[in-house]
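Working notes for the structure below.
The values are calculated or read from the model by the stated rules, or taken from the named source; none is laboratory data. As the structure is a computational prediction, the values presented were derived from the model and not from experiment. So basically every Cβ, Gly included, is an ideal-geometry build from the backbone, and we count neighbours across all protein chains shown. Surface accessibility is based on the protein's heavy atoms, side chains included, excluding ligands, DNA and RNA. Shrake-Rupley method; radii C 1.70, N 1.55, O 1.52, S 1.80 Å.
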Amino acid sequence: MIFTSRPGVLKLLPALPREWPEGEILGMQGRGAVNIRKMSWSKNGTIVSADLQTKHAQKLTVVLPKNIKSLEINGKKQKPSGKSFSIDLAIEKVYSVKIQL
């Protein structure tokens, strides 16, 4: 499974199949009007990149299966904490997220 979602929460790579050690998806729609325009992951999901967009302003919590070592949002380093982080999404703005696990 590449992602699961519910309004306000997006889980990336909750059950990555062994047959897909690296890959990319385009144009997936999550619940709560979160559009995953593009998502890619490196070997065994150690680096995950995603471009996120929404049709209405909302706070989104992004959950990962492992602790985050580094996090960038729109090219700016953020201080990660545990296995999740939150983003205040503005209408139609694209948020580029890069995570190292």
Which ³J(HN,Hα) values, rounded to whole Hz and listed in residue order, are derived for region 15-27 from phi using the Karplus coefficients 6.51, -1.76 and 1.60 in 6.51 cos²θ - 1.76 cosθ + 1.60 with θ = phi - 60°, glycine and proline given as x?
-> 8, 5, x, 4, 5, 10, x, 8, x, 7, 10, 10, x
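Please compute the contact order of the chain in relative form: average sequence separation of alpha-carbon pairs under 8 Å and at least six residues apart, divided by the residue count, as a percent.
Details: 247 pairs, mean separation 26.0, N = 101.
Normalised by residue count, the contact order of the chain is 26 percent.
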With every protein chain in place, the accessible area of Val94 for a 1.4 Å probe, in Å² rounded to the nearest 10, comes to 50 Å²
Of (1) 0.98; (2) 1.03; (3) 0.93, the label for Rg/Rh (Cα atoms, Kirkwood Rh) derived from the coordinates = (3)
Per-residue SASA entry for Glu19, accessible area with 1.4 Å probe, Å² rounded to 10 | 140 Å²
Could you list the residues of region 1-25 with an amide nitrogen less than 20 Å from a label point located 7 Å from the Cα of Arg31 in the Cα-to-C-beta direction?
-> 1-16
